[in-house]
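Worksheet for the structure shown next.
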Amino acid sequence: MQLRSGMMPGVYGLHDKEQLIEHIADIRQLAGFQRTELLQGKGRGNEVIQVRNGSGLQFQIAVSRAFDIGMCELFGIPLAWMSQNGPVAPYFYEKDDWNRSFEGGLLATCGLATMGKPSVDEGRAFGPHGRISSTPAELLQAEGRWDDEGRYELIFRGIMRESTATGENLVLERTIVTRLGENRIYLTDTVTNASHQPAVHLMMHHFNFGFPLIGENCSIDIPPGPKRWINGQGATDGWNGFPAPLECGQPTVMVHEDVQPDHEGGVQVQISNRIWHNGLAHKLRVKLHYDKAASPYLTQWKHPGKGVYVLGIEPGNATTEGRAVHRERGTLPMLAPGERKTYTFCIEAQLEAILT
């Protein structure tokens, strides 16, 4: 629906800002955020922003963890997969064992100078998936406001820097927006090479989905394109489903190397499942839309093991085969001094009752 000035998506039957604010004393009755600090365990000291958009969507922004998105729920139904590590503070990061501090969450960022498998590139050793997800952000903005079209939006901005004293200086600025009346999260990342020398820039957005969105009857819809295993063997069919939890389930990694974009150059991935919620059958659906030019490769990670049970959908500017492999192939992404690269995503969640 194209909104006229002063209109917003329907909120409890109202589409007009002035009508809505007549019914409440404070907009935070419907939507808002709180900045909190974790007080115990390995996550002690982490700053988290708790966001609720007033339309059923709630999520956490991990300020201490690259402004990543952790827990995410729709009407109390979890969408994101959370790892058994629980919250982990940045100082527990281990370069050679990224999984020890991998919280899961809706989004874990991989990069900025490397991502994928460990490798040794030009004599320098790089661990898996890079350092950025364990880098605290500087909080630039956290506010709720009415925009010029009469929509109430919650907007958050953070900045992270991956640098050495004499080497790379890569700066990531992340903006996260959600709106009252829309169950969508809009994410924009801008990475800048702030040094005076060309810099390697590898980037992958590691989206993680779990039960009940993931299950043996779920459907994974990815646009057509060639596929190959990075970690797996045999035929590549069966990629669009998920088994029941397996006793000895092992992870697999598949790359969709050239997915077909839409007419605007975007890629849409959809995951859906039939679930039971409050005693009724529903269709739960998540759509992820992103710009293919910025993230030409799509990696799909599955782990069906009991007690793990996760699906990763991971757009990136390279495959996960490692920095050294891409240098050898001549496909290593670079940023010139002062050059910027922008990544845009929209995550939409839907819950529909099934009439039987």
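The values are calculated or read from the model by the stated rules, or taken from the named source; none is laboratory data. Please read these numbers as outputs of a predicted model, since none were measured by experiment. Virtual Cβ from ideal backbone geometry, glycine too; neighbours counted across all protein chains shown.
Observations, loosely collected:
- One residue stands out in the stretch 267-293 among those that are over 15 Å from Asn217 (Cβ atoms) and among the small types (Gly, Ala, Ser): the one that is modelled with the lowest pLDDT, namely Gly279.
- Of residues in the stretch 170-181 being over 24 Å from Gly130 (Cβ atoms) and buried (at least 20 other Cβ atoms within 10 Å of the Cβ), the one nearest to the chain's Cα centre (by Cα): Thr178
- Filter result (acidic (Asp, Glu) and part of a strand (DSSP E or B)) within the stretch 108-134: Asp121
- Residue among Glu143, Glu162 that alone is of a type in the set (D, E, K, R), over 30 Å from Lys17 (Cβ atoms) and not in a loop (DSSP other than H, G, I, E, B): Glu162
- Restricted to strands (runs of 3 or more DSSP E) entirely inside the stretch 242-311, those with at least 3 residues that are in contact with a Gly (Cβ under 8 Å, 6 or more places away or on another chain) and buried (at least 16 other Cβ atoms within 10 Å of the Cβ) are 252-256, 280-291, 297-303.
- Residues of the stretch 122-163 that are closer than 30 Å to Leu332 by Cα and among the basic types (Lys, Arg): Arg124, Arg131, Arg157, Arg161.
- Residues in the stretch 131-163 that are polar (S, T, N, Q) and touching a residue at least 60 places away in the same chain (Cβ under 8 Å) were compared, and the one that is surrounded by the fewest Cβ atoms within 10 Å (Cβ to Cβ) is Thr135.
- Counting only residues that are in contact with a Lys or Arg (Cβ under 9 Å, 6 or more places away or on another chain), hydrophobic (A, V, I, L, M, F, W, C) and over 30 Å from Gly279 (Cβ atoms), the stretch 325-356 holds 4 of them.
- No other residue among Asp258, Asp237 is acidic (Asp, Glu), more than 21 Å from the chain's Cα centre (by Cα) and farther than 20 Å from Val286 by Cβ apart from Asp237.
- Strands (runs of 3 or more DSSP E) lying entirely in the stretch 8-94 (those with 2 or more residues that are among the aromatic types (Phe, Trp, Tyr), modelled with pLDDT of 95 or more and under 30 Å from Pro304 (Cα atoms)): none
- With respect to being surrounded by fewer than 20 Cβ atoms within 10 Å (Cβ to Cβ), over 16 Å from the mean Cα position of the chain (by Cα), on the phi < 0 side of the Ramachandran plot and of a type in the set (S, T, N, Q), Thr114 falls outside the description.
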